[in-house]
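Chemist: Okay, here's the structure, questions in a sec.
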Amino acid sequence: MRVQLLGNVEIHNGTDTVRLDRSREKCVLAALALNVGKPVALTTLVDLVWEPSEQTDNSLRSVGDYIRKVRAAIKKGGGAVDSLRYERGARSCTLNIDPSCVDYHQFHAVAAAARQERDPETFRQALALWHGEALADIRNQWADNRRNDLETERRELHLDLLDLQLAAGKHAEVIQATTEMIDHDIPTDRVLVLGAQGLAGCGRHTAIEAWKTRVIRRMHETVGADPAHEALNHISQLIANPHWSPSSRPTAAVSELFSMRTDVATFTSDNSTLRDPLPPETPTSDTNDASSTTTEAQLNSPAITMTVTASDSSRVYQAGRDQHITEA
């Protein structure tokens, strides 16, 4: 069994693909798979599936239904039915499978090996694990935040590969890759400088000014920002001296690109309404009762801040990683 997160969220078993019906069910599977081996509180799953204003007394029971659907999909995909364990006392679930069975964790491991070995082929193996944008068929605030975080990891690994190719003299490949990145991805200072270095390495330093103009236009269109002064200085140096090479990557002042939540409001209710959501097999509606009353409390959880300078895209991506999970 293999859980795919780097693309549509689904379960693979050889040639067979198991797909959950609802986006909310996929959200539960993704949250559990990103935190393999760690307990995820049911209240946390409620917070990931619904915005605080959307949560009602039915939300907790609906999450219980989604967990049953995920367990059935795991069994259908060839996994052990008891690999998704519910802890009644802690009101939490844990997905106990080998991390290598989740494509994101496999990507993370292969990427670490690629950076350590500085082997281009290993970089390509890691990037080949992606089958589109991460969590592609989940659309809610949590998925959007996580998707930006995961896409940043992919982008930075690709740029590390281009650094190796540039050092190996593969300037044409760097030019092609950076051109595709500014057309289909978020342009950054690092992409700007790498493309200019590729042009200089090919003896096309007269094209660098047009490249700079093109990248700046795309930056305005996509993020409404200008390149950092240091990146522009590198470009000027390359135009004046095509054989010049920066001693280090540009380190621009950081500007915020995405405003991501680092806090998650926790659904709470009177204890009498917190019936055990998993044991009953009677299906319940996932429709929230608009007349129900909820109270919101902050989930005190550590958040990981990923700071990406110009060396790593010259932007800040701040995301509440799934390690805000309540431990049992």
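Rule-based calculations on the coordinates, nothing more; no lab input. Predicted model, so just to flag it, every value in this text is computed and none were measured. Every residue, glycine as well, gets a Cβ built from its backbone with ideal geometry; the counts of neighbours run over all protein chains shown.
Chemist: Given R₀ = 41 Å, FRET efficiency for GLU221-ASP98 by Cβ-Cβ distance, to 0.05?
Modeler: The computed FRET efficiency comes out at 0.45.
Chemist: Right, something else. Rounded to whole Å and sorted largest first, list the principal axis extents of the Cα atoms in the range 86-165.
Modeler: The Cα atoms of the range 86-165 stretch 52, 27, 17 Å along the principal axes, largest first.
Chemist: Please report the equivalent ellipsoid semi-axes of the range 7-51, computed as sqrt(5 x eigenvalue) of the Cα gyration tensor, largest first, in whole Å.
Modeler: One finds semi-axes of 21, 13, 7 Å for the range 7-51.
Chemist: Next up: Taking the alpha-carbon centroid of each part, what is the distance from the range 1-71 to the range 115-191 in angstrom?
Modeler: 26 Å
Chemist: Please report, for the Cα atoms of the range 28-176, the Rg to one decimal and the Dmax as a whole number; what are they, in angstrom?
Modeler: 18.8, 61
Chemist: Have a look at SER53, GLY64, LEU29 and report the one farthest towards the positive end of the charge dipole of the range 12-103, computed about the Cα centre with Cβ charges (Lys/Arg +1, Asp/Glu -1).
Modeler: About the Cα centre, the residue reaching furthest to the positive side is GLY64.
Chemist: What Kirkwood Rh does the range 1-103 have if only Cα atoms enter the pairwise 1/r average? Answer in Å.
Modeler: The answer is 13.6 Å.
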